[in-house]
Amino acid sequence: MQFRLVTKGDCTHIELSGHIDEDVKHALRDIEAAVKTPSVVFDCAGIGKINSIGIKDWILAFDRLDKRFASTYVRCTTAFVDMATMVPSFTKLRPILSFATAFLCDTCQREKAALIEVANGVVAAMPKAPACDKCGAVMMQDDDLPSDIDFVVKLQQKCGLAKAV
Ligand SMILES: [Zn+2]
């Protein structure tokens with residue numbers, strides 16, 4: 001896991017890239033030492049594979065990091081959201097503000113990525129299904145998109161970012 005860190009005012013923006021695996025604890029330790037602000041935004045677009053050792057070390061590290069600063073996640077990959085859904089302590093009370101989804105062409109099996117932004121427990125703008133570059137057909141949204149949105153909204157509610165309905 002590599003990271004790039006930019007501090008803006010009282011917030012640190014950290015771009016993560018690489019896998020959440022047996023090496024993630026080193027990166028998180030370096031992040032812990034480097035962050036001097038009360039809040040951190042983790043840009044998760046570059047996160048690759050996630051394995052069980054990585055998850056364990058990630059959860060252990062954030063037990064410490066959560067006492068140092070408040071974290072939010074942006075541009076989460078599908079794998080990241082899947083893991084958060086399956087393992088609640090993976091994101092715990094750290095909200096996801098945006099995540100990636102994919103649209104698929106049934107005919108050509110082509111995919112197109114789109115970003116879903118959720119603010120105050122509401123999807124800011126639902127992306128319109130794009131047209132396939134090859135055949136022009138309207139692409140289908142991911143089957144998991146409604147449940148992913150539901151999960152992210154409920155997580156924001158738990159984190160106090162949105163009123164529970
Ligand atoms: Zn197509």
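Data overview
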read-out	value
Qualifying residue in region 49-60 (condition: of a type in the set (S, T, N, Q), under 21 Å from V87 (Cα atoms) and at pLDDT 95 or above)	yes
Selection from region 123-137 of residues that are surrounded by 13 or more Cβ atoms within 10 Å (Cβ to Cβ) and modelled with pLDDT of 90 or more	V123, A129, P130, A131, C132, A137
Region 88-136, subset more than 19 Å from S39 (Cα to Cα) and touching a residue at least 40 places away in the same chain (Cβ under 8 Å), residue nearest to the ligand (Cβ to nearest atom)	A102
Residues of region 1-25 that turn out to be aliphatic (A, V, I, L, M) and over 19 Å from K36 (Cα atoms), as a count	3
Flag for V152 being within 23 Å of N51 (Cα to Cα), buried (at least 16 other Cβ atoms within 10 Å of the Cβ) and touching a Pro at 6+ places or on another chain (Cβ under 9 Å)	yes
Odd one out for Q141 among (1) within 16 Å of the ligand (Cβ to nearest atom); (2) more than 27 Å from T91 (Cβ to Cβ)	(2)
Qualifying positions in region 12-46 - of a type in the set (A, V, I, L, M, F, W, C) and surrounded by fewer than 17 Cβ atoms within 10 Å (Cβ to Cβ)	A33, A34
M140, sole failed condition from (1) surrounded by fewer than 16 Cβ atoms within 10 Å (Cβ to Cβ); (2) among the aliphatic types (A, V, I, L, M); (3) touching a residue at least 40 places away in the same chain (Cβ under 8 Å)	(3)
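The values are calculated or read from the model by the stated rules, or taken from the named source; none is laboratory data. Keep in mind it's a predicted model, so treat the numbers as computed, not measured. Ideal geometry is used to build each Cβ from the backbone, glycine not excepted, and the neighbour counts take in all protein chains shown.
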